[in-house]
Amino acid sequence: MISCSSSGDEAEAEMESYGFAYDLTAPDADYELPDDLDEISGISWYNHNKLACISRMRRNNLPLLMKTEGISGSYPFARHGDYEDITVYQILLWVLKSNGTIYKVTNFAGSGRETFIIPTALSSRNDTEGMAYDISEKFC
């Protein structure tokens, strides 16, 4: 939508041309996060009022953030590494590592949580940074 190199006027015109629905200069709320969440590298909405995220400072945990109540839990899932993104679909969660490895976590917010490694053709040379879940593919 808006590149980092856009000037203020260019960015505003670009937002208007896309029908950008948010005023980034006037947020609805402002939440103070603890220091160990100072660099969130991946975030995904998963429930009415909850977000799942992964932070570079807590690379082997999945902190679950609630919209108005702060952190509701933090769950270990893998060894330390350079984790880049997270995405959620129902009770499944995937975490992307910079080397292309994908971790699938079942029942991530409940009991009986399990973590599986999904191998990919990617490597650290690809330096992966993001992913998304495509519901039309029904890949679980």
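What to note about this one:
- Efficiency of FRET from Cβ geometry, Asp30 and Asp82, R₀ 30 Å, rounded to 0.05: 0.55
- Ranked by the mean number of other Cβ atoms within 10 Å per residue, highest first, peptides 40-50, 105-115, 119-129 order as 40-50, 105-115, 119-129.
Laboratory data are not the source of any read-out in this text; all were calculated from the coordinates shown. In this text, all values refer to a predicted model and were calculated from it rather than measured experimentally. Because the Cβ atoms are built from the backbone with ideal geometry, glycine has one as well, and the counts that use them run over all protein chains shown.
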